[in-house]
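Report on one structure; see the data block that follows.
The values are calculated or read from the model by the stated rules, or taken from the named source; none is laboratory data. This structure is a prediction, so every number in the text was calculated from the model and none was measured. Neighbour counts are summed over all protein chains in view; Cβ atoms, including those assigned to glycine, are modelled from backbone coordinates with ideal geometry. Accessible surface areas use protein heavy atoms only, side chains included; no ligands, DNA or RNA. Shrake-Rupley method; radii C 1.70, N 1.55, O 1.52, S 1.80 Å.
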Amino acid sequence: MNKLISIEEAIAKVKDGDTIMVGGFLANGTPLKLIDALAESGVKDLTLICNDTGFVDKGVGKMVVKKQFKKIIASHIGTNRETGNQMNSGETEVILTPQGTLAEQIRAGGAGLGGILTKTGVGTLVEEGKEKVVVDGEEYLLEKPLRADIAFIYGTKVDTFGNIYYQGSTPNFNVLMATAADVVIVGAGEVVQKGELDPNVVKTPGIFVDYVVEEGPLK
C-alpha cells in the first residue's frame with residue numbers, strides 16, 4: 001500500500017475549525033513545508049496542540065502570526081511574542097500545560113485512556129477548574145486525554161507504507177502524536193520503498209500513518 005500524496009492533497013484535508021497536532025520542539029521535528037503550506041492555505045479557527053508555538057518566522061509560529069488559531073494548547077510560548085500578544089489581548093485562547101502533563105495527555109488520547117492522574121500543578125493556577133482525585137491519601141489532578149482531527153508529524157526517513165525512522169532528537173512529540181489523531185500525515189525528509197528500513201530503527205510503525213508527503217530534509 002502506497003500512502004504517498006502531495007503537499008496540496010495533504011493540506012486540503014484540513015477544514016476550518018479542526019483540531020490539529022503538530023510535532024516538534026522549537027520547530028525541530030516539525031514538518032516545515034507542510035506547515036508553511038497550511039499557513040498559506042488560509043484555513044482558520046483551528047485548535048493547535050503542540051509543545052510550543054515555534055518562532056514568528058518558523059513552524060506553527062507563522063500560522064500564529066496569520067491568526068489561524070482560535071485556541072492553542074502548549075507547554076510554553078516564550079519564543080513567539082505574537083502568541084503572548086494574542087493571549088494577553090484575549091484574541092486567542094491559550095492553555096499553558098506543564099510539558100510532561102501535555103505529553104501524557106496525548107499518550108492517553110492515543111491509548112484510549114480516560115485521563116491521567118498527576119501531582120504536577122496541585123496547589124497552583126494549573127488546578128483551576130479541574131477535578132481532583134485522592135489516591136491512598138494523596139491528591140492528584142485528573143488531566144483529560146487529548147486527541148486531534150489531524151496530526152502533522154515529521155520523519156527523517158519514511159517508507160511508502162509509513163514506517164518512520166527519526167534522527168537525533170526529532171522524535172520528541174511526533175511519536176506520541178502519531179497515535180492520537182484521526183488522520184496522521186507525516187512529512188518525510190526522505191522516502192524509501194517498503195522494506196528498506198531496518199525494523200529495529202522504526203519508532204513509529206506505518207499502521208499509525210495515513211499519508212506520507214515527501215518534503216526533504218529539515219533546514
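If I ask for residues that are open to solvent by 20 Å² or more (accessible area, probe 1.4 Å) and touching a Ser or Thr at 6+ places or on another chain (Cβ under 6 Å), which ones from region 141-155 would you list?
149
Quick one: in region 114-168, of everything that is at negative phi and acidic (Asp, Glu), which residue is nearest to the chain's Cα centre (by Cα)?
Checked region 114-168; the qualifying residue nearest to the chain's Cα centre (by Cα) is 149.
Which residue is farthest from residue 22 (Cα to Cα), if the candidates are limited to region 44-91 and must be part of a loop (DSSP other than H, G, I, E, B) and open to solvent by less than 10 Å² (accessible area, probe 1.4 Å)?
Once the filter is applied, the top-ranked residue is 80.
Check off (1) among the hydrophobic types (A, V, I, L, M, F, W, C); (2) open to solvent by 40 Å² or more (accessible area, probe 1.4 Å); (3) at pLDDT 95 or above for residue 1 and give me the number that stays unchecked.
(3)
Is one or more of the residues making up region 183-196 within 18 Å of residue 13 (Cβ to Cβ), touching an Asp or Glu at 6+ places or on another chain (Cβ under 9 Å) and open to solvent by 10 Å² or more (accessible area, probe 1.4 Å)?
Yes, region 183-196 contains at least one residue that is within 18 Å of residue 13 (Cβ to Cβ), touching an Asp or Glu at 6+ places or on another chain (Cβ under 9 Å) and open to solvent by 10 Å² or more (accessible area, probe 1.4 Å).
Just to verify a result, which residue in region 12-43, among those that are among the hydrophobic types (A, V, I, L, M, F, W, C) and open to solvent by 20 Å² or more (accessible area, probe 1.4 Å), is nearest to residue 148 (Cα to Cα)?
This residue is 12.
Does residue 173 satisfy the criteria of being under 21 Å from residue 199 (Cα atoms), open to solvent by 20 Å² or more (accessible area, probe 1.4 Å) and at pLDDT 95 or above?
no
Only one residue in 159, 149, 136 is farther than 22 Å from residue 45 by Cβ and touching a strand residue (DSSP E or B) at 6+ places or on another chain (Cβ under 6 Å). Which one?
The match here is 159.
Would you mention how many residues in region 94-116 are farther than 20 Å from residue 52 by Cβ and either surrounded by fewer than 15 Cβ atoms within 10 Å (Cβ to Cβ) or hydroxyl-bearing (Ser, Thr, Tyr) (or both)?
4
Do we have residue 166 as closer than 21 Å to residue 198 by Cβ and open to solvent by less than 70 Å² (accessible area, probe 1.4 Å) here?
Criteria met by residue 166.
Mind counting the residues in region 197-219 that are surrounded by 14 or more Cβ atoms within 10 Å (Cβ to Cβ), among the β-branched types (Val, Ile, Thr) and assigned to a helix (DSSP H, G or I)?
Counting residues in region 197-219 that are surrounded by 14 or more Cβ atoms within 10 Å (Cβ to Cβ), among the β-branched types (Val, Ile, Thr) and assigned to a helix (DSSP H, G or I) gives 0.
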